[in-house]
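What follows is a short report on a single structure.
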Amino acid sequence: MAKILCVLYDDPKSGHPKSYARDDIPEIKGYPGGQTAPTPEGLSFNPGELLGSVSGKLGLEKYLADAGHELVVTSDKNGPDSRFVKELADADVVISQPFWPAYLTPERFAMAPKLKLAVTAGIGSDHVDLQSAIDRNVTVCEVTYSNSISVAEHVVMMILALVRNYIPSYKQVIDGGWNIADCVQRAYDVEKMHVGTVAAGRIGWAVLKRMHPFDVHLHYTDRHRLPLEQEKELGLTFHESAEDLVKVCDVVTINCPLHPETENLFNKELISKMKKGAYIVNTARGKICDTQAIADALESGQLAGYAGDVWFPQPAPKDHPWRSMPYHSMTPHTSGSTLSAQARYAAGTREILECWFAGKPIRDEYLIVHDGKLAGAGAHSYSEGDATGGSS
Ligand code: NAD
């Protein structure tokens, strides 16, 4: 019998939903490039249900109980007296979501001598100190591709919202006003703008593909250059570095993982090299951007807008500068946790647990750390070291 410690975000204020806005969600069997959607042996939930909060339990309760395992689910994750920290001592498996990350710092690894598997129910395992996982031979995996398209859709929405000044215009309506000039004095079309992504992995590529019909110039940088035919398909301009890319782009979207190479990449210096009045959309990770440098650049006019749904730490404190800075369109970390995405990452989490308990290999594309080294998607997209900074 294993103990599975699962950290999920809080339930809706009104409790677990009794009904939903829609009766069903489209069935997704595979992703671009041929990877199949998760293939667990069974499912104990209806796709489209709320699974990501505490009462949803990622749909794992019945499966784990039937298999004789102990499941502990909590949202209480911050500080030394949190339930998460208290339950770590005899946990074999930790499951956490990037939206409500249970930061697994070196100190917390030391409190969890039995820990063998850390599953990210979603994508992005930077909340786990990967160096500690490597050193302690803990397997880290995530449900690769489960919410990449969900995030790409959010990025496109945010690019349009910023450039077209949507949120302030919406606010006019809510506030009972009709001052069109107030709305349009910062509104532009994206047509013919230069739009670039830092990283063209699953999300970055999906963003480029979705922006292509808007008749914009598309740019990217990545540590792995795309095949020529993919570049030609969308008319992409490749740049060797983020610095080269930002110099020519009106809109920059960040879609790389947070790891030591990318931490604080968008600092004061890089932002000063951007075109004046550029926009940044960052749904990757908060710590890729310097918090104060972003707020200052919006104040000075160096940036015309900033949007995204990732912060550091999470949940963001009430006085986080990004809540009150001008010209932002921030959301809490929601882009990868639509009900559609939840169905896929819950199914993927179950697939990973089924493999783990049966002693079968976990799909290579789900692996971040395995056998004491970066593996699978982790070897492709991450570097060793600690990018969480140990904050909880
Ligand atoms: P992916 O592994 O398919 O792509 C990551 C890409 O980043 C790869 O192409 C890799 O080569 C590139 N990369 C890594 N380091 C780089 C560097 N230093 N410079 C340039 N490129 C670099 O992953 P994905 O599915 O596209 O997801 C990317 C990231 O987005 C995740 O790691 C996560 O942090 C974030 N994400 C956020 C949400 C959300 O809800 N907001 C959901 C999913 C993923």
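At 1.4 Å probe size, with the rest of the protein present, what percent of the exposed accessible area of the chain is carbon and sulfur atoms?
Exposed carbon and sulfur together represent 52 percent of the surface.
I'd like the per residue volume of the convex hull spanned by the Cα atoms of the chain, given in cubic angstrom.
Cα-based convex hull of the chain, divided per residue, equals 147 Å³.
Scan the chain and hand back the longest stretch that contains none of the chymotrypsin sites (Phe, Trp or Tyr not before Pro) lying in DSSP loops with at most 16 other Cβ atoms within 10 Å.
Maximal segment without exposed cleavage sites: 189-392.
With just the Cα atoms defining each centre, how far is the range 191-268 from the range 138-162? Give it in Å.
Measuring centre to centre over Cα atoms gives 15 Å.
Amide H to amide H under 5 Å from Tyr279: which residues, 5+ apart in sequence or cross-chain, H placed 1.01 Å off N in plane?
Residues meeting the amide H criterion: Val251, Val252, Ala304.
Heavy-atom accessible area per residue, the chain, 1.4 Å probe: how many Å²?
44
Can you list the equivalent-ellipsoid semi-axes of the range 1-95, largest first and in whole Å, using the square root of 5 times each Cα gyration tensor eigenvalue?
26, 19, 13
On C-alpha positions alone, give me the angle between the axis of helix 291-300 and the longest principal axis of the chain, in degrees, nearest 10.
20
For Asp182 and Asn46, calculate 0.36 nm times their separation in residues minus their Cα-Cα distance, and state this gained length in nm to one decimal.
The Asp182-Asn46 span can extend by a further 44.4 nm.
As an exercise, use a Förster radius of 25 Å and the Cβ-Cβ distance of Glu191 and Asp23 to find the FRET efficiency, rounded to the nearest 0.05.
According to the calculation, E is roughly 0.10.
Taking the Cβ-Cβ separation of Phe214 and Lys373 as r and a Förster radius of 51 Å, what is the calculated FRET efficiency to the nearest 0.05? Working shown, then result.
Working: r = 41 Å, r/R0 = 0.81.
Using R0 = 51 Å, I get an efficiency of 0.80.
At what distance in nm do the modelled label points of Glu233 and Asp81 sit from each other, each positioned 7 Å from its Cα along Cα→Cβ?
Placing both labels 7 Å along Cα→Cβ, they lie 5.4 nm apart.
Summarise the long-distance tail of P(r) for the range 182-321 by giving the % of C-alpha pairs beyond 22 Å.
Of all Cα-Cα pairs in the range 182-321, 36 percent lie more than 22 Å apart.
Of Arg344, Arg323, Arg22, which has the largest mean-square fluctuation in a 10 Å C-alpha GNM of the chain?
Arg22
Quickly work out the Lys273-to-Arg223 label distance, labels modelled 7 Å from Cα along the C-beta direction, and quote it in nm with one decimal.
1.8
The values are calculated or read from the model by the stated rules, or taken from the named source; none is laboratory data. These numbers were taken from a predicted model, which means no experiment stands behind them. Don't worry about glycine lacking a Cβ; one is built from the backbone with ideal geometry, like all the others, and counts go over all protein chains shown. The area values use the complete protein model at the heavy-atom level, side chains included, leaving out ligands, DNA and RNA. Shrake-Rupley method; radii C 1.70, N 1.55, O 1.52, S 1.80 Å.
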